[in-house]
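The values are calculated or read from the model by the stated rules, or taken from the named source; none is laboratory data. Not measured: the values here are computed from a predicted model. Glycine also receives a Cβ, built like all others from the backbone with ideal geometry; neighbour counts cover every protein chain displayed. These accessible areas exclude ligands, DNA and RNA; they are computed on the full protein's heavy atoms, side chains included. Shrake-Rupley method; radii C 1.70, N 1.55, O 1.52, S 1.80 Å.
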Amino acid sequence: QVHLVASGGGHVQSGSSLTLSCTSDSSANFATGWFRQAPGKDREFLAAIRWSGANKYYGRSVKGRFTISKDHARNTVYLKMNDLKPEDTAVYSCGADDSGRGSGPWNRWGQGTQVAVSS
């Protein structure tokens, strides 16, 4: 399978913004989801977007702060994160829903990108 690759993380101060990217070398019809996992915690759903881009879904913990979007030409899905907090510190990853609907199951996990937020 073609794995999705997350990038764009970094170490920032509380209140800063970051935009993460999720890329694939495939143009197949799939939905993309963003997830994160903090040390000692389970993987948490953040946001998802259908292949069409017409439907977006957000986890309750980040709704209102994070925005998901996509660029079809670049095979890239973005996660814009505003007002970052120390509790946002985690490894952020993206996966694919091959049905294209954005409700899972999620597959093709790739390398995640680390986000660290200091107080």
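Taking the protein heavy atoms of the chain in the context of the full set of protein chains, the accessible area attributed to carbon and sulfur is 45 percent at 1.4 Å.
Charge tally around residue 78: other residues with Cβ under 14 Å, Lys/Arg +1 each, Asp/Glu -1 each, net +3. Full extension of the chain between residue 76 and residue 61 gives 3.0 nm of extra length, using 0.36 nm per residue less the Cα-Cα distance.
The GNM of the chain, with springs linking C-alpha atoms under 10 angstrom apart, assigns the highest mean-square fluctuation among 38, 47, 96 to 38.
For Cα pairs less than 8 Å apart in space and 6+ apart in sequence, what is the mean separation divided by the residue count of the stretch 1-117, i.e. the relative contact order in percent? Walk me through the numbers on the way to the answer.
Values: 300 pairs, mean separation 43.8, N = 117.
Relative contact order comes out at 37 percent.
If you plug the beta carbon distance of residue 119 and residue 11 into 1/(1 + (r/R0)^6) with R0 = 22 Å, you get a FRET efficiency near 0.95. Modelled spin-label separation between residue 41 and residue 99, with each label point placed 7 Å from Cα along the Cα-to-Cβ direction: 2.7 nm. Where a Cα-Cα gap under 23 Å defines reach, which lysines qualify for residue 70, not counting those fewer than 8 residues away within the same chain? Cross-link targets: 56, 80. Heavy-atom accessible surface of residue 49, to the nearest 10 Å², is about 0 Å², with a 1.4 Å probe and all protein chains retained.
With the convex hull drawn over the C-alpha atoms of the stretch 34-107, the volume per residue is 95 Å³. Rg/Rh, computed from the Cα trace of the stretch 1-78 with Rh as the Kirkwood radius, has the value 0.96.
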